[in-house]
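Student: Structure incoming, see below.
Please treat every number below as a calculation from the coordinates, not as lab data. No experiment lies behind these values; they were computed from the predicted model shown. Positions of Cβ are generated from backbone atoms using ideal geometry, with glycine treated the same way; all protein chains shown enter the neighbour counts.
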Amino acid sequence: MSSFIRLADLDHVPPSLRGAYVAIGNFDGFHRGHQSVIATLKARAAEAGVPAMVLTFEPHPRDVFAPSPFMFRLTDGDAKARLAEAFGIDAIAILNFDRAFSQIEAEDFVSRFLVDALGVTGVIVGSDFHFGRQRRGTPSFLKAAGDTHGFAVETLDLMDEGDEVISSSRIRAALSEGAVAAANRLLGYHWFFDGCVVKGDQRGRELGYPTANTMTHASFQLAQGVYAVRARLGTRLFDGVAAFGKPMFNNQRPPFETHLFDFDEDIYGQTISVALLGHIRGQEVFAGLDDLVAAMDRDSRKARDLIAKAKPLGELDMKLGFFG
C-alpha cells in the first residue's frame, strides 16, 4: 500500500484493506513487546501479499469501568497511530470502547469485525489477549474461530527483559519513579506526549525561563521533577529543559512546563510534542527565588549535556522525528 490509513470504525473499510493480516490489542505504549508482535505481523502480511493492520481500542477498557479515568496512559489514539505509521504498518483501526462495546459476544466480534468487515487473512494476538463479553474471547477461542472461518491465528508470548516481561504497566511504573532511561529502553524509543500550549502564570518568563506550558490529565503520573527534553513544533525541532510540578507555588494539577533553548516566539494554541531524553532531578523547595534561578541555571547546563550525549534507541526513534 502507498499511504497509511487510519479508521475510526469498521463500517466502511476501504477495499484495499480487505484480506488484511491484523494484530489486535490495546498497544498502550507501542513498546518493544508490541513491536515484536508488529514485526511478526509485517512478516506474515508480506508472505501472504496482503496489508498489515492494527486493530486497537480507545479509551482503555480499564478506564471505561472505573468511576473516572485513572490509568496513566503511555500513548493515546493519536500517538498509537503515529507510532504505527512510523513502524511501517499499512493501517490502524481505533475502535471506540464503551460499555455497549464490551457486551459484544466474542462470536459476534469475530463475525462482525474480522470476517464481515475485514475478511482477514490472519490474526495475531498476545498470549494475554481477551475480548468480547466477560472476556470470553481467549486465544484458544480465536484459534477455533479461525479454523471455522478460514483465517490463520497466531499467539505470541510476551517479550522478557531481565526477570520481568516487557509490559505497559512496568513502563508506567518506571516513569512514575522518574526512571526515564529504563522506560525508554523498554519502549525502544524516547517516550513522548503531545499537548496544546496554554498561557500559564508567566512566572518563568519573569525568572528568565519562559516556558511552553501544556496541561496534564489527572491520571498523568510522571514523577514530578526536571527533565532534559527534545520538542517538536510542526517540523521544527528544539532542545530544552522541562519541569513537572510546582512545589514552591500552586502544585495542584501542575502543567508540564518546557523551556526551549534559544527560542522566543508566541506559540499559544499550538501543539507541542515533547520527548523525554533524561531525568535531571526531583522537585525541590528552595529558600527563595535567587536559589531557584541558580538551580534552573544548573538544570539547563545538565540538560544540554544530556541532550548532547543522547542517541536514538532505534529506527523508530528516527522516524518519529526527534533525531535528525
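Student: What residue among P61, P210, P15 shows peak mean-square fluctuation when the chain is described by a Gaussian network model with Cα springs under 10 Å?
Tutor: Evaluated over the chain, the most mobile residue of the options is P15.
Student: 5 Å is the cut-off here: which amide hydrogens, built 1.01 Å from N in the peptide plane, fall below it relative to L313, excluding neighbours closer than 5 in sequence?
Tutor: Residues meeting the amide H criterion: H190.
Student: In addition: At a 10 Å Cβ-Cβ cut-off, how would you order E161, E257, fewest neighbours first?
Tutor: Ascending number of Cβ neighbours within 10 Å: E161, E257.
Student: In whole angstrom, how long is each semi-axis of the equivalent ellipsoid of the stretch 220-324, when you take the square root of 5 times every eigenvalue of its Cα gyration tensor and sort them from largest down?
Tutor: 24, 16, 14
Student: Same structure again: Which value, in nm² and rounded to one decimal, describes the direction-averaged projected area of the C-alpha convex hull of the stretch 5-161?
Tutor: Result: a mean projected hull area of 8.9 nm².
Student: Using only alpha carbon pairs under 8 Å that are at least six residues apart, calculate the relative contact order of the stretch 191-316 and give it in whole percent.
Tutor: 32
Student: Next question. Any chance you could run the full-extension gain for I104 through R6? It's 0.36 nm times the residue separation minus the Cα-Cα distance, nm to one decimal.
Tutor: Length difference between fully extended and current span is 33.0 nm.
Student: Quick one: give the max-minus-min coordinate of the C-alpha atoms of the stretch 114-173 along each principal axis, largest first, in Å.
Tutor: Taking max minus min along each principal axis of the Cα atoms, the stretch 114-173 gives 39, 23, 19 Å.
Student: In the Gaussian network model of the chain, springs joining C-alpha atoms below 10 Å, which of P312, P59, P67 carries the largest mean-square fluctuation?
Tutor: P67
Student: Springs between alpha-carbon pairs under 10 angstrom, Gaussian network model over the chain: which of A84, A48, A174 fluctuates most?
Tutor: Top of the fluctuation ranking is A48.
Student: Could you name the lysines whose alpha carbon sits less than 20 Å from that of K319, not counting residues in the same chain fewer than 8 places away?
Tutor: K42, K80, K309, K311
Student: Using amide H atoms built 1.01 Å from N in the peptide plane, name the residues 5+ places from H259, or on other chains, whose amide H lies under 5 Å from its own.
Tutor: A212, V241, A242, A243
Student: For the chain, calculate the relative contact order in percent as a whole number, restricting contacts to Cα pairs under 8 Å that are 6 or more residues apart.
Tutor: 17
Student: Placing one identical point scatterer on every Cα of the stretch 95-213 and ignoring solvent, what is log10 I(q)/I(0) from the Debye formula at q = 0.10, 0.14, 0.15 Å⁻¹?
Tutor: -0.55, -0.83, -0.88
Student: Can I ask one more? Nearest 0.05, what FRET efficiency do A179 and R112 give at R0 = 56 Å with Cβ-Cβ as r?
Tutor: 0.85
Student: List the aspartates and glutamates whose alpha-carbon lies under 14 Å from that of K199, not counting same-chain residues fewer than 8 positions away?
Tutor: E257, E265, D266
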